[in-house]
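Here the structure comes first, spelled out in structure tokens, and everything after it is commentary.
The values are calculated or read from the model by the stated rules, or taken from the named source; none is laboratory data. Since we're looking at a predicted model, the values are computed, not measured. Cβ: placed from backbone, ideal geometry, glycine included. Neighbour counts: every protein chain shown.
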């Protein structure tokens, strides 16, 4: 599952990885879960989202040239080739042989294959369609029992926490990267971004939990209640919990790398524009540390 999820600080699993696996082994699970397809589907919207963060910051007053630099930097940074190397390294470091074995068995089962297909299909929907689903404008038939199952699934997959953490981590990486590229005080910018993110985390989680349950309910609308129970059983098992933690670590590392690449490119571009116009490069807006979530991968 995929839902803009990152940093494993929130993945408090009771099942700790005993011995990391190699990259090739991690790649087999990565492929079985179709993570590349899901991440790639989320990247097209990133340049516009990053541009909006800067354009709506009233204190920045960015010119059209500077906003174009923001868009180009996001296109340069948010690419699957930037994502995959650090993501796979983090995935391998947080998996162990038993988790790989149990995860591959689940992902290759009929239910696992249907889950992955559903994840990919939903990730590929247009942004407008996904927004309708998450806002409750497009719903699927349900029952109290089914609603309770999706509530448990959302929590077992750490969907909300990981989605929010993806955006906070990514935003902090963009801010830090911008400071590096522009020759600014990286430590001060990073600390300011961290505090901004920390101050909004609880509100973001509260506002995102219901929309992400709706997203799950739509994604798995073709699954029976028994299917959902079996999926929940895997996610709540020790290997399933460790898989979720490894998945979150994977996404965190990948989006952090893309955010940093975007920021560094943006810092360089703003510095070049400032030198050409005898102006001062603009700092990243505080909101960059807590962007409004779109829709990333869900474990």
Open item on the list: Just to check your reading of the model, which residue among 41, 26 is in contact with a helix residue (DSSP H, G or I) (Cβ under 6 Å, 6 or more places away or on another chain), at pLDDT 95 or above and part of a helix (DSSP H, G or I)?
Closed with: 26
- [ ] Within segment 41-91, track down each residue that is farther than 22 Å from residue 269 by Cα and buried (at least 17 other Cβ atoms within 10 Å of the Cβ).
- [x] 41, 42, 84, 86, 87, 88, 89, 90, 91
- [ ] State whether the residues of segment 227-237 include one that is in contact (Cβ under 8 Å) with a residue 24 or more places away in the chain, under 17 Å from the mean Cα position of the chain (by Cα) and in a helix (DSSP H, G or I).
- [x] no
Open item on the list: Quick check on my filter: what residues within segment 75-110 are assigned to a helix (DSSP H, G or I) and within 15 Å of the chain's Cα centre (by Cα)?
Closed with: 77, 80, 82, 83, 84, 86, 87, 88, 90, 91
Open item on the list: Here is a check on your reading of the model: is residue 142 touching a residue at least 60 places away in the same chain (Cβ under 8 Å) and surrounded by fewer than 15 Cβ atoms within 10 Å (Cβ to Cβ)?
Closed with: yes
